[in-house]
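The values are calculated or read from the model by the stated rules, or taken from the named source; none is laboratory data. What you are looking at is a predicted structure, and each value in this text was computed from that prediction instead of being measured. Note that we place each Cβ from the backbone using ideal geometry, even for glycine, and neighbour counts take in every protein chain shown.
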Amino acid sequence: MCHLYTKAGEKIDVELHNGCPYVAHEFGAKLLTVLEQHQIQQELKKMTLKSILTRGAAGLGDKMSIEMAMLVKLKEVMPTLPEDLALKLVPDLSMLTDPNIGLNLPWNRRKRKRLMMARNVIIHMYSGPDASYWERRLSNEHTEVLCVDLEASTPSNALDETTFAFLLSLCASKRVKALLGGPPCRTTSALRFQKDDGPPILRTEDHPYGLPSLTPQQAELVTNDSILWLRLMLMYILCEEVRPKEQAQTAFLCEQPQDPAEYRKKEDVDEHQYFSMWRTQEWKSFQEAYNAKLISFDQGLQLLKQSADGFAVKRLHVKDLKILLALFTPMMMSDLLNNNLEMVNHLNNMLNEINNKRAMKLNMNKVFLQVLHKMNLILSKKNRFLTLWKMKT
């Protein structure tokens, strides 16, 4: 005998017969009805979405649901995104009106209250297990950091509808100033293309969201990873949609493996036909819509140093780099990209100061705030743009 639990916390008895799970007939019939109704609702949403995209929303007036409005905006930014996948991205937001929604969220009341009271919120999606690392180094009296990961100290799943609905509500609050994320890359890894009897190829240029020949388990893995990737961008789209024009553009940092076609030999690329999410039409559309910039660097960069050709890059711990980027505004990164020598020298001094302070075990929050103030003093006013970071494997 084993058990499963509903979102309301109800315990359901499950019996195993020859390895197959069985539930009571009454519960099974109820579950089947719920699944059928969900499927019907999804089909109706798809029909409505197609109608709006082809004929407009003139007949709907103010009756368009929030979910449908988000889907329409998503398709506006990414017109080639398959409708079936788009429908899986936006959860039922009516659950946000449930006064007991907190019971179904991973974060306790204290954390939720801090998020609601914070002037600024930084959301770090798929952050890994060390949530306290980011919270200690990026939080202050006005800023709250929320880490979302199954392995975090407070496990949270971005595939969970209630959890993601809550994240969208934060994005809609106009207080999310930065989104960080490193979506899983296990289904796109270059290692899958080695033809060495290892893990099989799951995506290709012609089938970016899964080959038709995948097993149900493989298809589920690809779909879930695609949802995680796209939900990060959906959150950003919402942040920018509600952002007042007078406020700075929301910072967006996405960490992914570099396209193998950019650093491997042409013969190798031609033979193995590697796949990369950076080459999907959806990413290109997102990049164009928000003027996103791609920057490549080797994992483990340490210092930026002037050389005869411009700038030589030494080794830096990835966590340090993420922290610095979270503190940078897109304008700062613009100066770096334009080879602003003064900016690079200050960055070099900043990294040295951070390393020295860490060795002395001093308060890192104060150090970052002091350094950030120094950086702001030397910046010229330039147009803001997004900075996207991708890691070379």
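Numerical summary
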| quantity | calculated |
| --- | --- |
| Cβ pairs under 6 Å, 6+ apart, first in region 128-151 and in the same structural domain as residue 169 (by TED's automatic domain parsing), second part of a loop (DSSP other than H, G, I, E, B) and among the aromatic types (Phe, Trp, Tyr) | 149/126 |
| Any helices (runs of 4 or more DSSP H) falling wholly within region 43-143 and containing at least 2 residues that are modelled with pLDDT under 85 and farther than 26 Å from residue 10 by Cα | 66-77, 131-138 |
| Residue in region 204-211 that is buried (at least 18 other Cβ atoms within 10 Å of the Cβ) and under 20 Å from residue 128 (Cα atoms) present | no |
| Considering residues of region 282-293 that are surrounded by fewer than 17 Cβ atoms within 10 Å (Cβ to Cβ) and at negative phi only, the residue modelled with the lowest pLDDT | 293 |
| Verdict on residue 193 being in the same structural domain as residue 254 (by TED's automatic domain parsing), in contact (Cβ under 8 Å) with a residue 60 or more places away in the chain and closer than 19 Å to residue 229 by Cα | no |
| Flag for residue 245 being under 24 Å from residue 209 (Cβ atoms) and without any contact (Cβ under 8 Å) to a residue 40 or more places away in the chain | no |
| Yes/no for residue 167 being surrounded by 17 or more Cβ atoms within 10 Å (Cβ to Cβ), more than 14 Å from the chain's Cα centre (by Cα), assigned to a helix (DSSP H, G or I) and not small (Gly, Ala, Ser) | no |
| Residue in region 262-274 that is buried (at least 18 other Cβ atoms within 10 Å of the Cβ) and among the hydrophobic types (A, V, I, L, M, F, W, C) present | no |
| Members of region 191-212 found to be of a type in the set (Gly, Ala, Ser) and at pLDDT 90 or above, listed by number | 210 |
| Filter result (among the aliphatic types (A, V, I, L, M) and closer than 14 Å to residue 231 by Cβ) within region 139-175 | 148, 158, 159, 165, 167, 168, 170 |
